[in-house]
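> This is the structure I want to talk about, given as structure tokens.
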């Protein structure tokens with residue numbers, strides 16, 4: 001049986017004393033993992049409403065609607081909300097397995113730090129120490145880059161990422177958005193801890 005690692009906000013509970021992981025399928029956030037069906041956590045109507053709400057979010061990508069972004073907000077143990085990216089074939093009549101329509105390919109937990117980038121970075125750095133001890137044999141990168149959906153170029157992400165041999169990643173990042181743009185779009189900014197498949201990384205980096 002694979003080791004199960006649960007990624008939490010400030011504390012990471014391990015089901016095994018070993019800190020070595022072979023694949024992102026070993027990890028879950030709030031009990032939810034890559035490959036799960038989002039239908040186990042939301043109704044189909046809720047998912048479809050979110051797909052409609054976020055349909056223009058990835059305008060900067062070459063295939064902006066290949067996948068869909070869904071946010072689930074409630075009182076989680078460690079996060080204020082979870083974000084998912086799922087296969088966007090919800091209306092495909094040829095997909096007979098309803099679970100296949102909403103397969104989770106990306107999951108991230110969010111903690112709000114609106115207008116408190118320093119506070120976010122302090123917590124992100126605490127998490128980086130924990131991740132570095134867990135992934136001492138995995139390639140780590142620290143990056144700062146523009147948040148592409150904001151056309152002003154004034155929103156940034158400060159990120160630490162751990163890259164698996166499969167091309168999948170685990171990321172901890174602080175998102176600092178342009179305030180005017182953030183308020184206009186009713187977005188949160190702050191700490192995000194995420195698990196990404198190679199498939200989603202390639203899609204998100206294939207820009208216009």
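Just so you know, all these numbers are worked out from the coordinates, no wet-lab data involved. The structure presented is a predicted model; accordingly, all values stated were derived computationally and were not measured. Using ideal geometry, Cβ is built from the backbone for each residue, glycine included, and neighbour counts are taken over all protein chains shown.
> What does a probe at residue 166 reach in the range 182-208, counting residues whose amide N is under 14 Å from the point 7 Å along Cα→Cβ?
195-201
> Here is a follow-up. Given labels modelled 7 Å from the Cα in the Cβ direction, how far is it in nm from residue 152 to residue 205?
2.8 nm
> How big is Rg to Rh over the range 87-208, alpha-carbon atoms, Rh as the Kirkwood inverse-mean-distance radius?
1.02
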